[in-house]
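Asker: Sharing a structure here in structure tokens format.
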Amino acid sequence: DNDVVTFTYTLNERLSDINVLMEDSLLIKENFQCLVARNNAMQQMVKVIATAEADLRLKYKGRTSGKVATVTITNAELSDTENFIFTPEKAAQKLVDNCVNIEKKKIPIDNLNGSHTTDEFWEDNTLVYVITFKKGISIQAFEQNKSNIHTQMGMALASQTAAQSFIEAMISINKSICYRIKVENSEEKVDITFSPSELRTILARMGKIK
């Protein structure tokens, strides 16, 4: 379009919900700003578009549904580089906040192992995911096998390459992740927690950082 640069992305709807982006275009803009903050080439591209006095349109199309979510970033916004290009710290916090907000809209989430993610919230500097099993599961069995479960969950996290940016952001803002295992209609719980240093080890397993 005249005076509008358009970027079109295909969204893998097995990993992301196009409906969430359609309902909240600010998420599209802020996620793009997080991407720009981590990429010098993208920062230069934004400056070129701003200098050309053009707007920027971001378009996401669902690979399966064909649904489209768009947002237009004005030239005035692009030109205000001090506010548009996030600092690394702000980008990390925004990425985490947006991921949490998107995930909370999906709750309850079927984990396909007899459990559901039933809540997600911050507890001091720890992001807590509540994993709830149906009645009949022994919470004591989780407590007795806590070390093995921690190892297995760490390996599972390391295999989720789609979570790389999120884990990097959590490390950057020095936050932990906790999986709080519970059984329906019981107050008993077992916490499986990964500190920032443990998250860094998980990324090392991914081969992404040393």
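Asker: Taking the criterion of being open to solvent by 30 Å² or more (accessible area, probe 1.4 Å), without any contact (Cβ under 8 Å) to a residue 24 or more places away in the chain and closer than 15 Å to residue 8 by Cβ, would at least one residue in region 47-64 satisfy it?
Answerer: Looking for residues that are open to solvent by 30 Å² or more (accessible area, probe 1.4 Å), without any contact (Cβ under 8 Å) to a residue 24 or more places away in the chain and closer than 15 Å to residue 8 by Cβ, one finds none in region 47-64, hence no.
Asker: Out of the residues in region 133-152 meeting the condition of being surrounded by fewer than 18 Cβ atoms within 10 Å (Cβ to Cβ) and of a type in the set (A, V, I, L, M, F, W, C), tell me which one is nearest to the chain's Cα centre (by Cα).
Answerer: Taking the candidates together, the pick is 149.
Asker: Might you check whether a residue that is in contact with an Asp or Glu (Cβ under 8 Å, 6 or more places away or on another chain), without any contact (Cβ under 8 Å) to a residue 60 or more places away in the chain, of a type in the set (Phe, Trp, Tyr) and open to solvent by less than 60 Å² (accessible area, probe 1.4 Å) occurs anywhere in region 4-15?
Answerer: no
Asker: I'd like to check something: does region 155-165 contain any residue that is closer than 29 Å to residue 29 by Cα, of a type in the set (Gly, Ala, Ser) and touching a Lys or Arg at 6+ places or on another chain (Cβ under 7 Å)?
Answerer: yes
Asker: For region 66-75, check the following and say yes or no: at least one residue is in contact with a Leu (Cβ under 8 Å, 6 or more places away or on another chain), closer than 22 Å to residue 162 by Cα, modelled with pLDDT under 95 and not in a loop (DSSP other than H, G, I, E, B).
Answerer: Looking through region 66-75, none of the residues is in contact with a Leu (Cβ under 8 Å, 6 or more places away or on another chain), closer than 22 Å to residue 162 by Cα, modelled with pLDDT under 95 and not in a loop (DSSP other than H, G, I, E, B).
Asker: Could you tell me whether residue 82 is touching a residue at least 12 places away in the same chain (Cβ under 8 Å), open to solvent by 70 Å² or more (accessible area, probe 1.4 Å) and either of a type outside the set (Asp, Glu) or assigned to a helix (DSSP H, G or I) (or both)?
Answerer: Here the answer is no, as residue 82 does not meet what is asked.
Rundown of residues vs (1) part of a helix (DSSP H, G or I); (2) acidic (Asp, Glu), yes/no style:
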{"residue": "9", "(1), (2)": "no, no"}
{"residue": "21", "(1), (2)": "yes, no"}
{"residue": "30", "(1), (2)": "yes, yes"}
{"residue": "42", "(1), (2)": "yes, no"}
{"residue": "48", "(1), (2)": "yes, no"}
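Asker: Turning to a different aspect of this structure: Would you check if there is a residue in region 87-98 being farther than 28 Å from residue 21 by Cα, open to solvent by less than 80 Å² (accessible area, probe 1.4 Å) and modelled with pLDDT of 95 or more?
Answerer: Residues of region 87-98 that are farther than 28 Å from residue 21 by Cα, as a first pass: none.
Taking every residue of region 87-98 in turn, none turns out to be farther than 28 Å from residue 21 by Cα, open to solvent by less than 80 Å² (accessible area, probe 1.4 Å) and modelled with pLDDT of 95 or more.
Asker: Let me ask another. How about region 153-163: which of its residues are surrounded by 14 or more Cβ atoms within 10 Å (Cβ to Cβ) and without any contact (Cβ under 8 Å) to a residue 24 or more places away in the chain?
Answerer: Correct list: 163 only.
Asker: Quick check: is even one residue across region 167-183 basic (Lys, Arg), within 18 Å of the chain's Cα centre (by Cα) and surrounded by 12 or more Cβ atoms within 10 Å (Cβ to Cβ)?
Answerer: Yes, there is a match, as at least one residue in region 167-183 is basic (Lys, Arg), within 18 Å of the chain's Cα centre (by Cα) and surrounded by 12 or more Cβ atoms within 10 Å (Cβ to Cβ).
Asker: Now, a different point. Filter region 101-132 for residues that are among the hydrophobic types (A, V, I, L, M, F, W, C) and either in a strand (DSSP E or B) or under 17 Å from the mean Cα position of the chain (by Cα) (or both) and give the result.
Answerer: Taking region 101-132 first, the residues among the hydrophobic types (A, V, I, L, M, F, W, C) are 102, 107, 109, 112, 121-122, 127-128, 130-131.
The answer is 102, 107, 109, 121, 122, 127, 128, 130, 131.
Asker: Name the pairs whose Cβ atoms lie under 6 Å apart, with the first residue in region 174-192 and without any contact (Cβ under 8 Å) to a residue 60 or more places away in the chain and acidic (Asp, Glu), the second assigned to a loop (DSSP other than H, G, I, E, B) and open to solvent by 80 Å² or more (accessible area, probe 1.4 Å), and 6 or more positions between them or separate chains?
Answerer: 184/134; 184/135
The values are calculated or read from the model by the stated rules, or taken from the named source; none is laboratory data. Just so it is clear, the model here is predicted, and its values are computed rather than measured. A quick note on method: Cβ atoms are made from the backbone with ideal geometry, for glycine too, and the neighbour counts reach across all protein chains shown. SASA here: full protein model, heavy atoms, side chains in, ligands and nucleic acids out. Shrake-Rupley method; radii C 1.70, N 1.55, O 1.52, S 1.80 Å.
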